[in-house]
């Protein structure tokens, strides 16, 4: 499998002098597999899907129509906002198959995407697109696709239903885990709290621990884990609990325990500069060097990784 990063930023596009090295586009990853990398998977449709679409229009369309599967982790704005600007949707012959977490609200995935493509938001409507698009909503399940790709899904801990994806092909494993916050006990644990219930507190601790273990089993042994690391542990504890993201330290510790070969920091905070990311990578690498074989790196727009 071949991975190329087109958008690595979280929450909002962040162009500027301080983000030139790693990039300011929001989440979009290209995954290629098969003979001559002919099969295309796109993970998320943040603003990074715009340059990906332009690239496909120049390099693939002259050789034949674009056919791709788009796996959305969830439908928060930063993960879908680039789709109306994805050039292939305006080119006849394009065939896209969307996959996304099931939505327990009234709207379907098709209507959520279509709402972007309405005159109140965009000059071209969904019904006017040239591409053929189908939609499929997912729960926790395993897909055995006809071209040899196996995709396993795992619900994550985020303020909206969100899926992690485990892609397996010819013995290689690539996992995505974003956006995700470590599961935690939501019941009071302080005996002096008027709402304290000893049984509920104990069961809450057990339930949170088990969900975190399930997630580690989900990406156990992965050759590459692309993981949300929007905050440091200090930032998270100070003011970001409940925001739905993982501290670097937690991602590193869990990836080590799960025997992951390579962990890539992803979904960078929009305020995190290139220099700060470099400093964090150096610090964490020094801390684990003597304890773990885990390789750490930072997802950067344009980088290509073969697994």
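Of the residues making up region 180-193, those that are closer than 25 Å to residue 252 by Cβ, touching a helix residue (DSSP H, G or I) at 6+ places or on another chain (Cβ under 8 Å) and crowded, with 17+ Cβ neighbours inside 10 Å number 3.
For region 2-16, what are the residues that are touching a helix residue (DSSP H, G or I) at 6+ places or on another chain (Cβ under 9 Å) and either surrounded by 16 or more Cβ atoms within 10 Å (Cβ to Cβ) or farther than 26 Å from residue 168 by Cβ (or both)?
Within region 2-16, 4, 6, 7, 9, 10, 11, 12, 13 qualify.
Filtering region 158-180 for residues that are closer than 18 Å to residue 79 by Cα, assigned to a helix (DSSP H, G or I) and in contact with a strand residue (DSSP E or B) (Cβ under 8 Å, 6 or more places away or on another chain) leaves an empty set.
Selection within region 1-27: residues that are outside any loop (DSSP other than H, G, I, E, B) and out of contact with any strand residue (DSSP E or B) (no Cβ under 8 Å at 6 or more places or on another chain). The member of this set that is farthest from residue 244 (Cα to Cα) is 17.
For residue 274, the conditions (1) under 17 Å from residue 215 (Cβ atoms); (2) touching a helix residue (DSSP H, G or I) at 6+ places or on another chain (Cβ under 7 Å) all hold with the exception of (1). Of the strands (runs of 3 or more DSSP E) that lie entirely inside region 51-150, those containing 3 or more residues that are buried (at least 21 other Cβ atoms within 10 Å of the Cβ) span 67-71, 95-101. Just one of the listed residues (118, 130, 111) is more than 20 Å from the chain's Cα centre (by Cα) and in contact (Cβ under 8 Å) with a residue 40 or more places away in the chain, namely 130.
Residue check: residue 46 meets all listed conditions (1) under 17 Å from the mean Cα position of the chain (by Cα); (2) surrounded by fewer than 21 Cβ atoms within 10 Å (Cβ to Cβ); (3) not in a strand (DSSP E or B) but one, namely (2). Any residue at all in region 37-58 that is modelled with pLDDT under 95 and at positive phi? Yes, region 37-58 contains at least one residue that is modelled with pLDDT under 95 and at positive phi.
Just checking, how many residues over region 194-206 are within 31 Å of the chain's Cα centre (by Cα) and surrounded by 14 or more Cβ atoms within 10 Å (Cβ to Cβ)?
So the count comes out to 2.
The values are calculated or read from the model by the stated rules, or taken from the named source; none is laboratory data. From a predicted model like this one, the values you see are computed outputs, not experimental measurements. Here Cβ is always computed from backbone atoms with ideal geometry, including for glycine, and neighbour counts include all displayed protein chains.
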